[in-house]
Amino acid sequence: MKIAGFTIIRNAVKNDYPIEEAIRSILPVVDTMFVLIGDCEDETEALIASINDPKIQIHHSVWNKSLRSGGVVLAEETNKAFQLIGPEYTWAFYIQADEVVHECYHSAIKEACSKYEQNQRVQGLLFEYTHFYGTYDYVGDSRRWYKYEVRIIRNNKAIYSYKDAQGFRMPPGKTKIPVKKIPAQIYHYGWVKSPEQMMKKAKESWQYWHSDEEIAAAKVADTFDFSTYDSLEKFTGTHPQVMHTRIAEKNWKVELDISRKKFKVKDRMLYWLEKKTGLRLFDFKNYRII
């Protein structure tokens, strides 16, 4: 059994993505790491090359800026990266540029890949998510944050990245892929940046979601407003080792009130029900657990 890692990235330095940490976090799990670098305006390729690991294969792509509806270009690039993986690999581990795997889950991930290697009914493995917000001390705990997502898929080229590359589908039609939930998490750091850097990243990403006219018409501040959350809680666990240097270098301060809960009536009821029972009712699932 062989496992390939794959990811896409563009302007990692400019937008301060933890792509180096993302890649390093899964290198102990994968046999080869395919990195598809878009047409960058910064030193992204040098950053990836500095990891200096023989498992890493760098490839290049040009992002199609005409695909500006709903982040479809992200799925297109993800599909390109997936197609780089040869038939000798059983599984493909997809990691996004702001996602990191804690080293404590490496054994569980490899064990799950081995356990389901011969079970062709299982087309993907499902990870739980922890979404950090504002700083490395807070996590989102409401329904606005997806709780699970598929990040390992079988090397079945009928599978394709869906919409904005959050999940995957397969024929016929847009069938949700059958998956098994595994005891492992993805730490999502996409919402952890200084208020200035967070707004810069947001403006950069808008070009893949909105037209030039919509962007030009938008009136935005120079700093991101982190006070728009509905519910947060303090993070009490440990961060992955690959994140320790980045966390130590954090140079901004954001104080957020975890006692503040800002819900509509329905969402408030569902939130408290989930807190009491662990059940997230009526939640959209991008997959089919078998």
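Would you kindly state how much longer the chain becomes between Asp42 and Lys203 on full extension, computed as 0.36 nm times their sequence separation minus their alpha carbon distance, in nm to one decimal?
56.3 nm
Pairs Lys115/Lys176; Lys2/Lys200; Lys147/Lys174; Lys14/Lys253; Lys203/Lys266; Lys65/Lys157: which are spaced more than 28 Å apart, C-alpha to C-alpha? Could the numbers behind the result be given before it?
On the way: Lys115/Lys176 21 Å; Lys2/Lys200 38 Å; Lys147/Lys174 21 Å; Lys14/Lys253 21 Å; Lys203/Lys266 32 Å; Lys65/Lys157 25 Å.
Listed pairs above 28 Å: Lys2/Lys200; Lys203/Lys266.
In the chain, what percentage of the DSSP-assigned beta bridges are antiparallel, given to the nearest 5?
Numbers: 20 of 45 bridges.
Of all bridge pairs located within the chain, approximately 45 percent are antiparallel.
What does the extension gain come out to for Met1 and Lys181, with contour length at 0.36 nm per residue minus their alpha carbon separation?
Fully extending the segment from Met1 to Lys181 adds 62.8 nm.
Extending each Cα 7 Å along its Cβ direction at Glu88 and Lys250, get the distance between those two points in nm, one decimal.
Modelled inter-label distance: 4.2 nm.
What is the calculated FRET efficiency for Thr223 to Ile290, with r their C-beta to C-beta distance and R₀ = 35 Å, to the nearest 0.05?
Result of the calculation: an efficiency of 0.20.
Extension gain Ile58-Arg260, at 0.36 nm per residue separation less the Cα-Cα distance, in nm? The partial results should precede the final answer.
On the way: separation 202, 0.36 × 202 = 72.72 nm, distance 4.48 nm.
The Ile58-Arg260 span can extend by a further 68.2 nm.
No lab work stands behind these numbers, since they all come straight from the coordinates. All of these numbers come straight from a predicted model, not from anything done at the bench. Note that we place each Cβ from the backbone using ideal geometry, even for glycine, and neighbour counts take in every protein chain shown.
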